[in-house]
Amino acid sequence: MLENAKNYFAPMHTAEHILNQTMQRMFNCERSFNNHIEKKKSKCDYHFDRLITSQEIAELSSRVNQTIALNLSVSEELISYDEASAIYDLSKLQQSDNQTIRVIKIGDYDRCVCSGEHVTNTNEIGLFTITSVTYENNVLRIRFKLA
Ligand SMILES: [Zn+2]
């Protein structure tokens, strides 16, 4: 549930949140443990046990696009470290005194701790397309772009 604290291209990075949540819902897997987000193309890596089928790829992108099409508002919520640690895995964060945790919510679809930049509504994301999926060493890599 923890995203890297980088200043990503906001539409791509927000699509990544939706992709992660959709992966969790479809396959009951963890959010991507490694990713590379760029304006033209991005990739997310998941700990996984197999390559997903072309039918699953189609369903995954369809679900992501259906979520984007709901025009969900993207909002932030600031909560205390103690409150956040009860809900989220904060092991990748460095704790400091009186730290406030920023939670990004995409409608009621997704919530995660993140300090990156996001769009304010999913209608700014565009069409999500999976360009390729590969599987190696227990890692499923999904490459995608926006149009
Ligand atoms: Zn984020």
So which lysines pass the test for Lys145, namely a Cα distance under 25 Å, with those fewer than 8 places away in the same chain ruled out? Lys6, Lys39, Lys40, Lys41, Lys43, Lys105
Using Cα pairs closer than 8 Å and at least 6 residues apart in sequence, work out the relative contact order for the stretch 15-55, in percent. 28 percent
Backbone HN-Hα couplings from phi across the stretch 48-53 [Karplus 6.51/-1.76/1.60, Hz, Gly and Pro as x]: 8, 9, 6, 7, 7, 7
Order of Glu136, Glu16 under a 10 Å beta carbon neighbour criterion, fewest first: Glu136, Glu16
If you line up the long axis of helix 10-27 against the longest principal axis of the chain, both from Cα atoms, how many degrees apart are they, to the nearest 10? 70 degrees
Mean separation of Cα contacts under 8 Å, 6 or more apart, over the residue count of the chain: relative contact order %: 35 percent
Kindly identify the stretch 81-147 as rounded, prolate or oblate by the Cα gyration tensor criterion: order the square roots of the eigenvalues as a ≥ b ≥ c, call it rounded if a/c is under 1.5, otherwise compare a/b with b/c, prolate if a/b is larger, else oblate. oblate
Between the helical axis of 54-68 and the dominant principal axis of the chain, each derived from Cα atoms, what acute angle in degrees is found, rounded to the nearest 10? 40 degrees
When we measure straight from the Cα of Lys92, which aspartates and glutamates land under 14 angstrom away, once same-chain ones fewer than 8 places off are left out? Glu3
Just round it to a whole percent: the fraction of Cα-Cα distances in the stretch 10-146 exceeding 27 Å. 21 percent
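Values quoted throughout were computed directly from the atomic coordinates according to the rules given, and no laboratory measurement underlies them. Computed from a predicted model, the values in this text were never measured in an experiment. Cβ atoms come from the backbone with ideal geometry, glycine included; neighbour counts cover every protein chain shown.
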